[in-house]
Every structure is written in structure tokens, then in C-alpha cells.
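> Structure below; questions to follow.
The values are calculated or read from the model by the stated rules, or taken from the named source; none is laboratory data. These numbers were taken from a predicted model, which means no experiment stands behind them. FYI the Cβ positions are ideal-geometry reconstructions off the backbone, even for glycines, and counts take in every protein chain you see. Please note that ligands, DNA and RNA were not included when accessible areas were found on the heavy atoms of the full protein model with its side chains. Shrake-Rupley method; radii C 1.70, N 1.55, O 1.52, S 1.80 Å.
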Amino acid sequence: MNAWEAILLGLVQGLTEFLPVSSSAHLRIVGELIGSSDPGAAFTAITQIGTETAVILYFRRDIATICSAWWRALRGDSGTDWRSRMGKHDHHAAMAWFIALGSIPIVVLGLAFQDAIEASLRNLYITALTLTVFALLLGFADRVGAKTRTLDELTPRQAVGFGLAQALALVPGVSRSGGTITAGLLMGFTREAAARYSFLLAIPAVLGSGFYQLAKSVTGEPVPGSPGFGATLIATLVAFVVGYLVIIAFLKIVSTFSYKPFVIYRLVLAAVVVILLTVGVLQPLA
């Protein structure tokens with residue numbers, strides 16, 4: 001992968017990570033179309049460090065508030081019983097526990113199905129299928145969801161629901177934000193609340209996965225045909241800059257408009273992928 005290909009893939013990562021369209025699917029498709037083949041799950045995970053750094057920068061005040069409230073509750077400032085330490089009297093402290101609770105499913109499933117995630121589940125026929133199915137689910141959720149709940153009303157059971165939805169994004173085509181936003185809408189949360197929580201929930205899982213893959217790539221044997229360190233670094237930096245701008249725009253869009261354009265885009269992309277597979281422009285597996 002040369003520098004221009006890395007810049008392009010970083011741009012794709014930054015543009016699609018926070019939209020409910022699946023960044024991993026786009027990297028898989030675009031990587032092959034530009035002649036770099038499938039950049040791989042490791043490249044995807046590492047470049048997501050860039051976009052999650054953008055999330056940390058954008059939500060830095062929210063994150064600082066959550067972390068400080070969690071620490072105060074944990075040391076017993078609001079009461080020494082276990083319910084108080086778990087954030088019973090402070091929503092921000094409870095949010096920290098909810099994010100931790102919601103991160104468990106993707107960690108467990110990610111480790112259990114690591115081989116399939118890095119290989120067979122990157123089949124583009126599966127990607128086309130998940131793009132379609134989860135487009136329809138997102139459209140349905142956006143249409144029937146009550147859209148009345150705010151994050152102040154989040155419960156442990158709903159936190160697990162968000163976490164299970166996020167874990168589905170281990171399969172390219174599902175979309176991390178798309179899965180969690182769909183779950184949030186079905187549970188009655190507003191579009192903006194579901195989107196904001198999807199950003200916060202992703203931080204531990206994405207950074208954990210990214211740094212895990214980074215450590216593997218540095219200490220392990222290079223995978224033949226995988227992007228080099230320089231190309232991965234370039235893509236990660238581009239993803240950070242573009243991702244920050246996308247966060248600002250996306251939160252403004254979802255507070256005003258429906259998710260219908262994203263549903264249509266996913267369906268069109270799925271159809272294009274199937275056509276390109278049929279004519280041989282794309283291969284199901286790299």
C-alpha cells in the first residue's frame with residue numbers, strides 16, 4: 001500500500017466510522033477496488049484508533065465528568081453502600097458502569113470468534129447481506145421507535161442491549177454505530193441520545209481492539225500482503241482529522257433528520273457489491 005492509497009483508506013475510515021454504514025465494509029470494498037486487496041481486520045482496528053481519538057477529543061468534557069463522578073462514587077462520596085458506589089445517586093457515575101457493562105459482549109465475542117472475524121466473515125457476500133438486513137432494521141427502528149428516552153433514563157438491562165448490538169459490528173457490513181443506534185431506537189431512545197451513547201460505548205472496545213492489533217503487528221510476524229506500518233500510520237492520522245469533522249456534522253444531522261438516507265445508501269451499496277462480485281470485479285475473499 002502506497003501513501004496515496006493509505007490517505008484514501010484513512011479518508012474512508014474517517015467518513016464512515018460514525019455513520020451507520022459500516023466502516024469495515026467500506027475499507028474491505030475500497031481496498032480491493034484500488035488494488036490494495038483487503039487491508040485486513042488489523043488495519044481496520046488500528047485505523048479506528050484515529051477515529052476514537054477524535055471521539056475522545058470531541059467528548060472530552062463528557063468523559064471527564066463521567067470519570068470524575070465514577071471515582072467519587074467509588075470512593076464513597078455519595079454513600080458507602082454498594083448501590084451508591086455503583087452510581088445510584090449520580091447518573092454520570094452510573095454511566096461509567098453502563099459503558100463497562102456494555103463493553104463485555106464485544107470483548108468476549110471478539111476473542112471467541114477472532115479467527116472467523118479476521119477471515120471468513122470478511123466474505124463480501126456476507127457483507128452485502130448484512131448491509132441489507134441491518135439497513136432494513138435501522139429503517140424499521142427509526143420508523144417505530146418512540147424516540148422519547150434520554151440517556152438519563154438508561155438502565156443496566158438497556159446497557160447490555162446496546163453492548164450486544166455493538167458486538168454484531170464484528171461482522172463487516174453491520175456497522176458499530178448502526179447496530180447500537182438501531183438498538184437504541186428500538187428501546188425508545190431519541191436519535192441523538194442513541195448516537196451519543198454509541199460514540200461513548202465504542203471507546204473502550206475500539207481502543208482495546210486497536211492497541212491489541214497494534215501490539216500484535218509490532219511484535220509478531222508480518223502478515224504477507226498486509227499494509228506496512230507507515231501506511232497504517234498515515235491512514236490513522238487522516239481518519240482522526242476527518243472523523244472529528246464527521247462527528248460534528250453527524251450529531252447535527254440526526255437531531256433534525258431521519259436515518260432514511262443511510263438506509264437507502266446501505267441498500268444501494270449492497271446491490272453494487274453483489275453486481276461487482278457477479279462480474280468478477282470484486283472477489284468474495286481476498
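A quick yes/no check of all residues on (1) farther than 17 Å from Ala205 by Cα; (2) β-branched (Val, Ile, Thr):
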site	(1), (2)
Ala116	yes, no
Arg122	yes, no
Tyr125	yes, no
Val133	yes, yes
Thr155	yes, yes
Val171	no, yes
Met187	yes, no
Glu192	yes, no
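> Also, I was wondering about something else. Here is a check on your reading of the model: is Glu17 acidic (Asp, Glu), open to solvent by less than 70 Å² (accessible area, probe 1.4 Å), touching a residue at least 40 places away in the same chain (Cβ under 8 Å) and touching a Leu at 6+ places or on another chain (Cβ under 6 Å)?
Answer is no for this residue.
> Any chance the range 61-83 includes a residue that's open to solvent by less than 10 Å² (accessible area, probe 1.4 Å), part of a helix (DSSP H, G or I) and over 25 Å from Gly243 (Cβ atoms)?
There is at least one residue in the range 61-83 that is open to solvent by less than 10 Å² (accessible area, probe 1.4 Å), part of a helix (DSSP H, G or I) and over 25 Å from Gly243 (Cβ atoms).
> Identify, please: which residue in the range 95-110 is open to solvent by 70 Å² or more (accessible area, probe 1.4 Å) and within 17 Å of the chain's Cα centre (by Cα) and is, among those, farthest from Phe59 (Cα to Cα)?
Val108
> Moving on to the next point. Going by the conditions given, is Thr232 modelled with pLDDT under 95 and closer than 19 Å to Thr150 by Cβ?
no
> While we're here: If the Cβ limit is 6 Å and pairs must be 6+ apart or interchain, which residue in the range 40-57 that is over 15 Å from Ala231 (Cβ atoms) pairs with which residue that is part of a helix (DSSP H, G or I) and aromatic (Phe, Trp, Tyr)?
These pairs meet every condition: Thr53/Phe240; Ala54/Phe240; Ala54/Tyr244; Val55/Phe199.
> Being without any contact (Cβ under 8 Å) to a residue 12 or more places away in the chain, open to solvent by 50 Å² or more (accessible area, probe 1.4 Å) and closer than 22 Å to Leu19 by Cβ, is that true of even one residue in the range 115-137?
yes
> Within the range 138-154, track down each residue that is open to solvent by 60 Å² or more (accessible area, probe 1.4 Å) and assigned to a helix (DSSP H, G or I).
Correct list: Phe140, Arg143, Val144, Asp152, Glu153.
> Another question, then. Would you please list the contacts, defined by Cβ atoms under 7 Å and residues six or more apart or on different chains, that run from a residue in the range 273-286 that is aliphatic (A, V, I, L, M) to a residue that is part of a loop (DSSP other than H, G, I, E, B)?
Val273/Leu282; Leu276/Leu282; Leu277/Pro284; Leu285/Asn123; Ala286/Ser37; Ala286/Asp38
> Just one of the numbered conditions (1) within 12 Å of the chain's Cα centre (by Cα); (2) assigned to a helix (DSSP H, G or I) is not true of Gly10; which one?
Of (1) within 12 Å of the chain's Cα centre (by Cα); (2) assigned to a helix (DSSP H, G or I), only one is false for Gly10: (1).
> Sticking with this structure for a sec: Mind listing just one residue for me: the one in the range 25-59 that is open to solvent by 20 Å² or more (accessible area, probe 1.4 Å), of a type in the set (Ser, Thr, Tyr) and modelled with pLDDT of 90 or more and, of those, farthest from Ser209 (Cα to Cα)?
Top of the filtered list is Tyr58.
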